[in-house]
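The values are calculated or read from the model by the stated rules, or taken from the named source; none is laboratory data. Just so we're clear, the structure is a prediction, and the values are computed from it rather than from any experiment. Because the Cβ atoms are built from the backbone with ideal geometry, glycine has one as well, and the counts that use them run over all protein chains shown. With ligands, DNA and RNA removed, areas are computed over all heavy atoms of the protein, side chains included. Shrake-Rupley method; radii C 1.70, N 1.55, O 1.52, S 1.80 Å.
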Amino acid sequence: MEPLQLKKSFEEIFDTEPILVKSPGRINIIGEHTDYNGGLVMPAAINKAVYVAISKREDNEIHLFSESYQEKFTGTISDVKISDTDWANYILGVVDGFLKRGFSLSGFNLYIYGDVPLGAGLSSSAAIECATAYALAQLNQLSVSNMDLALIAQKAEHEFAGVKCGIMDQFASVFGKQDYAMMLDCRSLEHQYIPLKLDGYKLVLLNTNVKHSLSDSAYNDRRAQCEQGVDWIKAHHPSVQYLRDVNEEMLLEYVKPKSIETYIKCSYVVAEIERVKKAATALKDGNLQELGKLMLATHEGLSKAYEVSCKELDFLVDQVKGLDEVLGARMMGGGFGGCTINIVKDEAIDEMIEKISKLYQEQFGLSLSTYVVETGNGSQIIETASTTSSL
Ligand code: GLA
């Protein structure tokens, strides 16, 4: 659906002119499960996005409509709580976040549509949260920084979707820039843009089309294990706040004797943070071979040590690992399904996709979806009510 169509659909239901907002999904080149450990990540926004159309209401009510689910939801600002309607919770969580920060909001009508594939690990939920945060800030003329909008969006995920995620997805959806990856320091929230120069190569996503059900609880478990490791070290080094502040020696001394399993998980994170630093240098130097190797090492860590991969993701990485035309491959995002991200030589992409789709179908009886990544810009207001900007 084009944004213009979205506006029309909104007007058909709500009979008034909306503000339109767009927030993209994201990829992550490297730095997985490091964000909630105060570590480094390297995401980029993509050209698939969530679109929100919004207008003020005279009353205190919240009226939502989801294009994808063809479903309505109604609530009130004064009684925002977790609902049984999953997609509405991402929006309600953002409303709650503004209210908890002391902002007052008017009632509103909101129509939501997106082309970020759901459950593919491309952060469609962060895109919904960020689009809602942008839309509400604009609608109520709130003075909130972009970083705070990302933080409000992240909190919605914690409190209304029950996933204790880091800041990477919401950050990328707000701050993305076409043709750039971003290296974000999740401890200081400082970030730099790195040109995504992949001369002769492209990033290709292979979507397993599976999302194993344990993903959310396993995610929170991993986070808890990391925090446990930090607590054990903190008892001896009070300044340590995150695994970011820890080195392998500390893990060997204070974590390994208490739990081998926690040690292995923490050790993966510490190594992954180092890989992001090396990857940033490799990308700046145009050393794609090195970047690819680091991605493969990340996959190995996520699969064997951090244990957030699954047989479908491992299969896809195994199939491309030895190929000359594929420099790097790894599972991307939280894990247990979703996509792998691959650096593939331009002219080899079609053949690789054809071959691997066939193998995947034979192995799992499932079809593979594939996307050649195009980066995009971060969240933006694409039309304010009663302006006629061209879309
Ligand atoms: C999910 C979370 C992110 C991040 C990744 C793993 O996408 O939402 O915060 O932790 O998993 O890197």
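With respect to Gly365, determine if the residue is of a type in the set (Gly, Ala, Ser), modelled with pLDDT of 95 or more and under 26 Å from Pro24 (Cβ atoms).
In short, no.
Which condition number in (1) among the aliphatic types (A, V, I, L, M); (2) closer than 24 Å to Asn28 by Cβ; (3) open to solvent by 20 Å² or more (accessible area, probe 1.4 Å) is the one that Val144 fails?
With (1) among the aliphatic types (A, V, I, L, M); (2) closer than 24 Å to Asn28 by Cβ; (3) open to solvent by 20 Å² or more (accessible area, probe 1.4 Å) applied to Val144, the lone miss is (2).
Looking at the stretch 218-233, can you tell me whether even one residue there is more than 23 Å from the chain's Cα centre (by Cα), not basic (Lys, Arg) and not in a helix (DSSP H, G or I)?
no
Of everything in the stretch 130-147, what is in a helix (DSSP H, G or I) and over 12 Å from Ser173 (Cβ atoms)? Give them in sequence order.
Residues satisfying the conditions are Ala135, Leu136, Ala137, Gln138, Leu139, Met147.
Name the residue that is farthest from the chain's Cα centre (by Cα), counting only residues in the stretch 124-136 that are closer than 25 Å to Asn60 by Cβ and open to solvent by less than 10 Å² (accessible area, probe 1.4 Å).
Ranking the qualifying residues of the stretch 124-136, first place goes to Leu136.
Listed here are the residues, each with its yes/no results for (1) under 17 Å from Ala131 (Cα atoms); (2) away from the ligand (no atom under 14 Å from the Cβ).
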{"position": "Leu4", "(1), (2)": "yes, yes"}
{"position": "Lys7", "(1), (2)": "yes, yes"}
{"position": "Ile13", "(1), (2)": "no, yes"}
{"position": "Pro18", "(1), (2)": "yes, yes"}
{"position": "Val21", "(1), (2)": "yes, yes"}
{"position": "Gly25", "(1), (2)": "yes, no"}
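Open to solvent by 10 Å² or more (accessible area, probe 1.4 Å) and over 20 Å from Ile29 (Cβ atoms): which single residue out of Glu300, Glu253 fits that description?
Residue meeting the stated conditions: Glu253.
Which of the residues that make up the stretch 169-181 are within 23 Å of Ile381 (Cβ to Cβ) and out of contact with any Gly (no Cβ under 7 Å at 6 or more places or on another chain)?
Residues satisfying the conditions are Asp169, Gln170, Phe171, Ala172, Asp179, Tyr180.
Report, ordered by the first and then the second residue, all pairs with beta carbons closer than 6 Å, sequence separation of six or more or different chains, a first member in the stretch 176-201 that is in contact (Cβ under 8 Å) with a residue 60 or more places away in the chain, and a second member that is surrounded by fewer than 17 Cβ atoms within 10 Å (Cβ to Cβ) and among the acidic types (Asp, Glu).
From residues that are in contact (Cβ under 8 Å) with a residue 60 or more places away in the chain, the pairs are Leu196/Asp179; Gly200/Asp346.
From the residues in the stretch 10-44 that are of a type in the set (Ser, Thr, Tyr) and open to solvent by 10 Å² or more (accessible area, probe 1.4 Å), which one is farthest from the chain's Cα centre (by Cα)?
Thr16
Could you please find all residues in the stretch 154-166 being in a loop (DSSP other than H, G, I, E, B), surrounded by fewer than 20 Cβ atoms within 10 Å (Cβ to Cβ) and within 11 Å of the ligand (Cβ to nearest atom)?
Ala161, Val163, Lys164 - these are the residues of the stretch 154-166 that are in a loop (DSSP other than H, G, I, E, B), surrounded by fewer than 20 Cβ atoms within 10 Å (Cβ to Cβ) and within 11 Å of the ligand (Cβ to nearest atom).
Does Leu110 satisfy the criteria of being farther than 30 Å from Phe336 by Cβ, assigned to a strand (DSSP E or B), in contact with a helix residue (DSSP H, G or I) (Cβ under 8 Å, 6 or more places away or on another chain) and modelled with pLDDT of 95 or more?
Answer is yes for this residue.
Looking at the structure I just gave you, is Asp185 open to solvent by 70 Å² or more (accessible area, probe 1.4 Å) and over 23 Å from Gly292 (Cβ atoms)?
For Asp185, the condition - open to solvent by 70 Å² or more (accessible area, probe 1.4 Å) and over 23 Å from Gly292 (Cβ atoms) - is not met.
Within the stretch 333-343, how many residues turn out to be surrounded by fewer than 24 Cβ atoms within 10 Å (Cβ to Cβ) and away from the ligand (no atom under 16 Å from the Cβ)?
Number satisfying all stated conditions: 1.
Working carefully through the options Leu151, Leu142, Leu206, find the one that is modelled with pLDDT of 95 or more and within 14 Å of the ligand (Cβ to nearest atom).
Leu151
Tell me which of these Asp216 doesn't satisfy, since it passes every other one: (1) within 29 Å of Asn146 (Cβ to Cβ); (2) away from the ligand (no atom under 14 Å from the Cβ).
(2)
Residue-wise test of (1) modelled with pLDDT of 95 or more; (2) of a type in the set (Lys, Arg); (3) closer than 21 Å to Asn140 by Cβ; (4) out of contact with any Asp or Glu (no Cβ under 7 Å at 6 or more places or on another chain).
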{"site": "Thr34", "(1), (2), (3), (4)": "yes, no, no, no"}
{"site": "Arg57", "(1), (2), (3), (4)": "yes, yes, yes, yes"}
{"site": "Ile62", "(1), (2), (3), (4)": "yes, no, yes, yes"}
{"site": "Ile82", "(1), (2), (3), (4)": "yes, no, no, yes"}
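Testing Phe98 on (1) under 30 Å from Glu312 (Cβ atoms); (2) assigned to a helix (DSSP H, G or I), one condition comes back false. Which one is that?
(1)
Would the stretch 312-332 turn up any residue that is among the acidic types (Asp, Glu), closer than 28 Å to Val269 by Cα and either surrounded by fewer than 16 Cβ atoms within 10 Å (Cβ to Cβ) or out of contact with any helix residue (DSSP H, G or I) (no Cβ under 7 Å at 6 or more places or on another chain) (or both)?
Yes, that holds for at least one residue.
Output the number of the condition that Asn47 fails; it satisfies all remaining conditions of (1) within 16 Å of the ligand (Cβ to nearest atom); (2) open to solvent by 60 Å² or more (accessible area, probe 1.4 Å); (3) not in a loop (DSSP other than H, G, I, E, B).
Status for Asn47: all satisfied but (1).
What number of residues within the stretch 247-263 are more than 19 Å from Lys304 (Cα to Cα) and of a type in the set (D, E, K, R)?
The qualifying residues number 3.
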